[in-house]
Amino acid sequence: MSEKKALNIGLVGYGFMGRTHSNAYKRVNDFFDVAYRPVLKAVCGRDKAAAQAFADNWGYESVETDWRKLVERKDIDAIDICTPNNTHAEIAIAAAEAGKIILCEKPLAMDLVQGQAMVDAVEKAGVINTVWYNYRRVPAVTLAKQLIDEGRLGRIFHYRAEFLQDWTISTDLPQGGAGLWRLDAAAAGSGVTGDLLAHCIDTALWLNGHISTISAMTETFIKERKHTQTGKVQPVGIDDACAFLCRFENGSLGLFESTRYARGHKALYTFEINGEKASIKWDLQDLHRLDYFDHGDDGILRGWRSIHVTDGDQPYMKHWWVPGLQIGYEHTFVHQVADFLENLAKGESTAPTFRDALATQAVCDAVLDSAEHKKWEAVVPV
Ligand code: SOE
């Protein structure tokens, strides 16, 4: 293997996503022959002791407590933003102005206006960027993209997706603070729309093209929760559940649903696409399988087949073990880093770029506007 160039990573935030990204940086060169080697240079968090504990555990060389200092550091090449949504724009814009490569957690921003400012900043500075919509890189989902692009489904009639969880049902759960900022509208921007439906929308735009119009409804089941920072019981501003109908530009109809109140579902992300010639469906809980129905099959054998996506010919799989041995959630992040480093060597950003993620943001904004105004909304073209 050739000598690899070091890519010094500065990670901002060290929660769940900080762990998935760090794991990916550490694993990528073991399995993918890419020109760069991520170096865990610094992790940044306001709580010095907690950041140091994270650094010790994952092998980061240093700790910062102010992200501005991290962004100014000459020895940092790439800033990876894993902080709550309300901080993405400020950090990303400063990082772009400092000429850093940027990897940003999803959703890109709190809203379209903020997202546009981020896109303007990275494009003006000409810095390489990506947004961590990781589910595109589940091998079975990448295979779905391949089948659609090869025309195997033909004209697409329907796109259906759902993302169901149940972790916020308890009325005792506070809003705000570590792990619970997703319940605080001031930190998250929205509830399931930006957190979960954003994943479904990113995949849908990638597989089935742009969405033109939307009719949505949202509900906040628990109207007040104690706020961790203020200690007071405050109104809840996020959507606990959201469902929407839409029309895609290719003429197909879409149906999307997400909630954190589906008792028994921890992270059920599924989609199904029905085309003229074939249909496909996928389920995160069985993520290495893609179900495929091909109307062109010999009549007596025609039926749904379950493709176990573990073969060396199938997306990403030649880099892992041997056929039949499946991989999991954490590998989607390794795949994103591998693609990112490969594209970096060519001087290119990796999809979904900030601009791609802005299209998802535009759909999220239209969903929330439609629910608020109780009418169909057009998605703002970006
Ligand atoms: C929320 O529970 C969450 O962790 C999201 O923030 C992630 O983006 C999603 O992949 C899993 O669920």
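Taking Lys and Arg as +1 and Asp and Glu as -1, the other residues whose beta-carbon sits under 13 Å from that of Ala198 total -4. If a helix is a whole DSSP H run, which ones in the chain reach 24 Å or further along their own axis (Cα) and hold a mean Kyte-Doolittle hydropathy of at least 0.0? Length and hydropathy pass: 354-373. Three principal axis extents of the chain based on alpha-carbon atoms, in descending order, are 64, 57, 39 Å.
With a cut-off of 13 Å between beta carbons, the residues surrounding Gly177 carry a summed charge of +2, where Lys and Arg count +1 and Asp and Glu -1.
If you build the convex hull over the alpha carbons only and average its shadow over all orientations, what do you get for the range 52-163? Give it in nm² to one decimal.
So the Cα hull casts an average projection of 10.1 nm².
Partner aspartates and glutamates whose Cα lies under 13 Å from the Cα of Lys124, excluding those fewer than 8 positions away in the same chain, are identified as Glu97. Per the Debye calculation on the range 266-336 with a single equal scatterer at every Cα and no solvent contribution, log₁₀ I(q)/I(0) for q = 0.17, 0.22 Å⁻¹ amounts to -0.74, -1.04. Counting only the Cα atoms, the range 194-292 fills a convex hull of 129 Å³ per residue. The distance linking the range 61-97 with the range 275-307 is 44 Å (Cα centroid to Cα centroid, whole angstrom). Pairs spanning more than 30 Å between alpha-carbon atoms, out of Lys223/Lys374; Lys106/Lys318; Lys4/Lys266; Lys26/Lys266; Lys106/Lys375; Lys106/Lys374: Lys4/Lys266.
Of the listed residues Thr220, Thr228, the order by accessible area with a 1.4 Å probe, largest first, is Thr228, Thr220. Using a probe of 1.4 Å on the protein chains alone, the accessible area found for Asp30 is around 90 Å². Evaluated on the range 99-254, the Kirkwood hydrodynamic radius is 17.7 Å, with distances taken between all distinct Cα atoms. Counting only residues at least eight positions apart within a chain, or on another chain, the aspartates and glutamates with an alpha carbon under 14 Å from that of Lys232 are Asp172, Asp184, Glu224. Net charge in the neighbourhood of Val233 (other residues with Cβ under 14 Å of its Cβ; Lys, Arg +1, Asp, Glu -1) is +1. Of all lysines in the structure, those lying under 26 Å Cα to Cα from Lys277, and not within fewer than 8 positions of it along the same chain, are Lys145.
Dividing the helix sum by the residues of the chain, where each DSSP H run of 4 or more adds -39500 (n - 2.57), gives a mean residue ellipticity at 222 nm of -10000 deg cm²/dmol. Beyond 19 Å, what share of the Cα-Cα pairs of the range 325-382 is found? Please give it as a whole percent. The answer is 53 percent, as a whole percent.
The values are calculated or read from the model by the stated rules, or taken from the named source; none is laboratory data. Since the model is a prediction, treat every value here as computed from it, not as a measurement. In this analysis, Cβ positions are derived from the backbone assuming ideal geometry, glycine residues included, and neighbour counts consider all displayed protein chains. Protein only, heavy atoms only, side chains kept; ligands, DNA and RNA dropped before computing areas. Shrake-Rupley method; radii C 1.70, N 1.55, O 1.52, S 1.80 Å.
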